[in-house]
1. What pairs can you find where one residue is in the stretch 8-29 and free of Cβ contacts under 8 Å to residues at least 24 places away in the same chain, the other is not in a strand (DSSP E or B), and their Cβ atoms are less than 7 Å apart, with a gap of 6+ or different chains?
2. Determine which member of the set ARG86, ARG62 is modelled with pLDDT under 95 and either crowded, with 16+ Cβ neighbours inside 10 Å or of a type in the set (Lys, Arg) (or both).
3. Got a number for residues in the stretch 1-23 being within 16 Å of GLY61 (Cα to Cα) and open to solvent by 50 Å² or more (accessible area, probe 1.4 Å)?
4. Quickly run through the stretch 1-57 and pick out the residues that are in a strand (DSSP E or B) and among the β-branched types (Val, Ile, Thr).
5. Out of the stretch 23-59, which residues are closer than 18 Å to VAL9 by Cα, within 14 Å of the chain's Cα centre (by Cα) and either among the small types (Gly, Ala, Ser) or modelled with pLDDT under 95 (or both)?
Amino acid sequence: MGEAAPSGVLNKALAVLRAFSVEDTTLGFAELQRRTGLPRSTLHRTLGDLTAARLLVRVQGRYRLSSLVFELGMRASVERGLHAPRLGGRTRYP
């Protein structure tokens, strides 16, 4: 395991969400456990909660961030005055 496991429900959920990267858009249970340091039972419960909240999607035994996470990110970028790049008059989202 990596760093010490986070404490508190919100910190555990954030640790799971932060485990994903641009390169690693889908992760299995074992990799999520390695990256977060959470015990199996805690990770299982947290994944269930994040999936029920529509923040994660489970596909063929692997997890990925949901489109809701993207929508929340876009709202935050608009609030901060950031905009998606425009190509040929169309907005392009990374």
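1. Listed by first residue and then by second, the contacts come to ALA15/PRO6; ALA15/THR36; ALA15/LEU38; ALA19/LEU32; ALA19/ARG35; ALA19/THR36.
2. Numbers: ARG62 fails: modelled with pLDDT under 95.
That would be ARG86, the only listed residue that is modelled with pLDDT under 95 and either crowded, with 16+ Cβ neighbours inside 10 Å or of a type in the set (Lys, Arg) (or both).
3. Initially, the stretch 1-23 is screened for residues within 16 Å of GLY61 (Cα to Cα), giving 16, 20.
Right, trim to open to solvent by 50 Å² or more (accessible area, probe 1.4 Å) and you get none.
So the answer is 0.
4. Here is the first cut: in the stretch 1-57, the ones in a strand (DSSP E or B) are 26-28, 56-57.
Across the stretch 1-57, the qualifying residues are THR26, VAL57.
5. Across the stretch 23-59, the qualifying residues are GLY48, ALA52, ALA53.
The values are calculated or read from the model by the stated rules, or taken from the named source; none is laboratory data. Every value quoted in this text rests on a predicted model; they were computed, and no experiment measured them. Cβ coordinates were reconstructed from backbone atoms using ideal geometry, including for glycine residues, and neighbour counts include every protein chain displayed. The accessibility values were calculated without ligands, DNA or RNA, using every heavy atom of the protein model including side chains. Shrake-Rupley method; radii C 1.70, N 1.55, O 1.52, S 1.80 Å.
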